[in-house]
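What follows draws every value from the coordinates through simple rules; no lab data is involved. Not measured: the values here are computed from a predicted model. All Cβ positions, glycine included, derive from the backbone under ideal geometry; neighbour counts span all protein chains shown.
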């Protein structure tokens, strides 16, 4: 009996192999990229959970409201977002996305290229998937 309980516990903690959820998260990721490139704050409002924690590669942290203000006021303007090595891991009602990314962005009018990696955490706070955390790390250039 203890062995069965241990196996059930390990399966509950292991990444789910449900392709449907993984595809749903990848779709949300695509919507996120499109919304940033179009500065579509209405779409971002739906994608982001109310308690979003958005940590930038320079260590600055925004809330949902403060980040959407940066987009609305064009203090952050995304020109291109190129991603690869995208991996989705599903854990019940939570999902983690990791990838390599190159952002071409204007920050307060100044062009910048950010080569890095990011992690997104999705959850179902109100029965639908929303991003609850974003954290990016700038890669050191050789």
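Couple of notes before you dig in:
- Approximate spin-label separation residue 93-residue 135, in nm, with each point projected 7 Å along Cα-to-Cβ: 2.3
- Summarising the label geometry, the points placed 7 Å from Cα in the beta-carbon direction at residue 117 and residue 50 lie 3.4 nm from one another.
- In this label model, residue 73 and residue 27 are separated by 3.5 nm, measuring between points 7 Å along each Cα→Cβ vector.
- Only helices enter the 222 nm calculation for the chain: every DSSP H run of n ≥ 4 contributes -39,500 (n - 2.57), and dividing by all residues gives -10500 deg cm²/dmol, rounded to 500.
- Theoretical FRET efficiency, 1/(1+(r/R0)^6), r = Cβ-Cβ of residue 128 and residue 38, R0 35 Å, to 0.05: 0.95
- Measuring nothing but how far apart in sequence close Cα pairs (under 8 Å, 6+ apart) lie, relative to its length, the chain scores a relative contact order of 23 percent.
- Degrees separating the helix 19-38 axis from the principal Cα axis of the chain, which is the longest one: 10
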